[in-house]
Amino acid sequence: MKILGIDIGGSGIKGAPVDLASGALADERYRLTTPQPATPQAVAKTVGKLVRHFKWQGPVGCGFPAVVQNGVVRTAANIHSNWVGCTVEKLLREATGCPVSVINDADAAGMAEVRFGLGQDHPGVVLMVTIGTGIGSALFVNGRLVPNTELGHLFLKDEGIAEDYAADSVRKKKDLSWKKWAKRFNVYLAEVEKLFWPDMIVLGGGISKRFDNYAKYLKSEAPVKPAALLNEAGIIGAALAVQDVG
Ligand code: BGC
């Protein structure tokens, strides 16, 4: 069975049909630039374009960078504030003509890792942390997701909101060396570990591809590994949302 997986992000909206049995992309990934301002109507139009690019008629799964509860967007940390309260599944169904399931983007990436990547058969508590414009999290207990954990919004005592201190966008904006950024990220990891004691931490987002640059600076109790599915985890996991959540 194939599902069209779409990863909605701050700079790009990416998608590909995903083979649910293997977790492989069944076609070449297609990317469109996220419209600015990224209002619900503008994003829905772009998602419609992406669906038409694949001439897709069937279920669609979307990862979305906010808390999504029962098809409704509840927060807007890094997205247009008009999204709060938006019935995103209905909006995208109308824009695409397809049934659409939407889940948090980090939850999607984590689901892909747990099903097809590093978290496979990993017992205990697995935490996926996605690092990009913001910091996303997905928490699994023996493979089962606790949705919408939002651990990127943990408040660090002296540093403030974690994602405003240690996201990849902050590294870029402040032009931090890998060592300096890792030092910040370690403060975050220490806080997360103190509260959740994960058995394994998987890092996702674009920065997972550059793990070799900063691995030597990371400090943690649990092993920290880069996502096996790298940047495709968001698309693959979005497709899984249709089965698991829709
Ligand atoms: C949002 C999360 C999202 C993360 C990564 C955060 O700002 O609150 O919902 O998963 O960014 O996109």
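Applying the criterion of being in a helix (DSSP H, G or I) and touching a Phe, Trp or Tyr at 6+ places or on another chain (Cβ under 9 Å) to the residues of segment 24-68, the residue that is farthest from Phe116 (Cα to Cα) is Pro40.
Yes/no matrix, rows are residues, columns are (1) in the same structural domain as Val72 (by TED's automatic domain parsing); (2) under 19 Å from Tyr214 (Cβ atoms); (3) small (Gly, Ala, Ser):
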site: Ile103; (1), (2), (3): yes, no, no
site: Ile131; (1), (2), (3): no, yes, no
site: Ser169; (1), (2), (3): no, yes, yes
site: Lys174; (1), (2), (3): no, yes, no
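Among residues of segment 126-143 being within 12 Å of the ligand (Cβ to nearest atom) and part of a loop (DSSP other than H, G, I, E, B), the one that is most open to solvent (accessible area, probe 1.4 Å) is Thr133.
For the subset of segment 53-96 comprising residues that are of a type in the set (Ser, Thr, Tyr) and more than 19 Å from Gly15 (Cα to Cα), which member is most open to solvent (accessible area, probe 1.4 Å)? So the residue we want is Ser81.
Close contacts from segment 52-70, counting a first residue that is assigned by TED's automatic domain parsing to the domain that holds Gly97 and without any contact (Cβ under 8 Å) to a residue 60 or more places away in the chain and a second that is outside any strand (DSSP E or B) and of a type in the set (Phe, Trp, Tyr), with Cβ to Cβ under 8 Å and a gap of 6+ residues or different chains, come to Ala66/Trp83. The set of residues in segment 144-170 being more than 14 Å from the ligand (Cβ to nearest atom) and open to solvent by 40 Å² or more (accessible area, probe 1.4 Å) consists of Arg144, Lys157, Asp158, Glu159. Residues of segment 97-113 that are over 19 Å from Thr133 (Cβ atoms) and open to solvent by 30 Å² or more (accessible area, probe 1.4 Å): Gly97, Pro99. Which members of segment 219-241 meet the condition of being of a type outside the set (Lys, Arg) and open to solvent by 30 Å² or more (accessible area, probe 1.4 Å)? Selection gives Ser220, Glu221, Pro223, Pro226, Ala228, Leu229, Leu230, Asn231, Glu232. Residues that are more than 16 Å from Val100 (Cβ to Cβ), within 16 Å of the ligand (Cβ to nearest atom) and either among the charged types (D, E, K, R) or open to solvent by 50 Å² or more (accessible area, probe 1.4 Å) (or both) within segment 1-45 comprise just one, Ser11.
The values are calculated or read from the model by the stated rules, or taken from the named source; none is laboratory data. On a predicted model such as this, the values are computed, not experimentally measured, just so you know. Note that we place each Cβ from the backbone using ideal geometry, even for glycine, and neighbour counts take in every protein chain shown. When the accessible area is computed, the model is the full protein with side chains, heavy atoms only, and any ligands, DNA or RNA have been set aside. Shrake-Rupley method; radii C 1.70, N 1.55, O 1.52, S 1.80 Å.
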